[in-house]
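The values are calculated or read from the model by the stated rules, or taken from the named source; none is laboratory data. As the structure is a prediction and not an experimental result, all values here were calculated from the model. Using ideal geometry, Cβ is built from the backbone for each residue, glycine included, and neighbour counts are taken over all protein chains shown. In case anyone asks, the SASA skips ligands and DNA or RNA and just uses the protein heavy atoms, side chains included. Shrake-Rupley method; radii C 1.70, N 1.55, O 1.52, S 1.80 Å.
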Amino acid sequence: MSEVFFDTLWTSLPLPALVIDGDNMITQVNTAMETFLNLSARSMLAAPVWDKLHVNAPLDDAVTRIRRDDAPLFVNNVDVGSGERPPVQCNIQFSTLVDRPGFILILMKPRELSDKMGQALQSKSAAKSAIGMAEMLAHEIKNPLAGITGAAQLLSMGLEPQDQELTDLIVAETRRIVKLLEQVEQFGNLRPPARKAVNLHDILDRARKSAAVGFAAHMKIAEDFDPSLPPTFADTDQLVQVFLNLLKNASEASPAGGTITMRSFYEQSVRVQRPDGQRVAVPLNVEIIDDGPGLPDHLASDIFEPFVSGRENGTGLGLALVSKIVSENDGWIAVSSVPGRTVFRISLPVASKED
C-alpha cells in the first residue's frame, strides 16, 4: 500500500482514531479525532495519550496486556472527553500494528452518533403518525372557530368599551387556536419538497435577517461560516422555515443579550438512508448554537417528538415539523445540550451536477 494511499485513507476515516507508541505517546491523529475532541493534531502529537484522551476507565494495564498478548481489546460504553468538550459515551477498540511493534491503534465509535441516528428515524416516524390527526383537526375545528371569531366581533360592536374585553379575549384565543391548528395541519402536507441546488449561506442569511429584526432583536447573532461549501439539494422555503424555527427557539432559550452562533462546515462522517434504501452522504452541516440553560434531561431524548416542549406555553410542534422537513430533504438533525451550550445540528446532502 503506497504512503499516499495510506494518508488518504487515514484522513478519510469517518471514526475518530489515533496511534500511540510504546511509551503511550500520540504519534498520529486523524481529522475525525480532531473534530471529536475539539483539539488540533498539533496540540496532541507527542503528548501522553491519557493527557488528551480522558476516559472514565483504567486502561493503563489493559494497554500493557494488548502489547504483551498482541491481541485486540474492545471496551464498550465508556465516557470519553478532552476537557474541551463534554464527555460522550463511546465504544473503543485497541489493536496492535503488524509492522510497528509496540504501537497501538485506538479507534472510537461514539454512541452519540448511532443513538441520535436512531432518534432521528423515530422522530420521522412519530411526525408522520400525526398526519391523520392533522387532517381531521384542521378540517373539523378551524371552520367552527372562524364562526366563533366572527360572532364575537359582531357582538363587540354593540358593547360598551369596558365590556369589550371579553369579546376581545374570545377573538384572541380563537386566533391562537387556529394558529396551532395550522401548525398541526402542516404534518398533513404529503407533497414532496420542491428541491433544487441552493446555496446554504443564502438561506442562512435570509433566516438571520428575518430573526434579527424580529424575535431575536435582543440577541447577538454571530456567524462562523465555511464559504467553500458546495450547494445542497433542498427546498429553499422549507429550509428557511427550519432555520427560523431553530433561531426562534435559541432566542427564547437564551437570556436577553445572549449570543446565537450560526456555524457551517463540511464533515463527511454521516450517511442517511432514503426511503428507496439508498444511503446518502450528508456532509454539509449547519449548527445553531445558543448559550441558554440547556435542555431539561427528561426532554433531551424526545425533543423532536410531536407535542414535546420545554416551554410552559409551547405547542411541541415546531421541532417535530423541523425533523419532518429535514428528513424529507434527505437530511439528518441532532441536538446536544449542556448548561450554557445547546447545539442543533442539521446535516444535508451535496447537490449533484444534474440537480
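A few notes on this one:
- Scope segment 18-51; condition in a helix (DSSP H, G or I) and over 26 Å from the mean Cα position of the chain (by Cα); matching residues: R42, S43, M44, V49, W50, D51
- Here A17 fulfils each of the conditions (1) exposed (fewer than 14 other Cβ atoms within 10 Å of the Cβ); (2) within 20 Å of F74 (Cα to Cα) apart from (1).
Okay, residues lined up against (1) among the acidic types (D, E); (2) open to solvent by 10 Å² or more (accessible area, probe 1.4 Å); (3) farther than 27 Å from M219 by Cα; (4) at pLDDT below 85:
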position: R263; (1), (2), (3), (4): no, yes, no, no
position: N285; (1), (2), (3), (4): no, no, no, no
position: I289; (1), (2), (3), (4): no, yes, no, no
position: V326; (1), (2), (3), (4): no, no, no, no
position: V335; (1), (2), (3), (4): no, yes, no, no
position: R341; (1), (2), (3), (4): no, yes, no, no
position: S347; (1), (2), (3), (4): no, no, no, no
position: A351; (1), (2), (3), (4): no, yes, yes, no
position: D355; (1), (2), (3), (4): yes, yes, yes, yes
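- If the condition is being crowded, with 18+ Cβ neighbours inside 10 Å, in a loop (DSSP other than H, G, I, E, B) and either touching a Cys at 6+ places or on another chain (Cβ under 9 Å) or modelled with pLDDT under 80 (or both), then segment 265-283 contributes S269, V270.
- Residue ID - surrounded by the fewest Cβ atoms within 10 Å (Cβ to Cβ), chosen from residues in segment 50-89 that are among the β-branched types (V, I, T) and free of Cβ contacts under 8 Å to residues at least 24 places away in the same chain: T64
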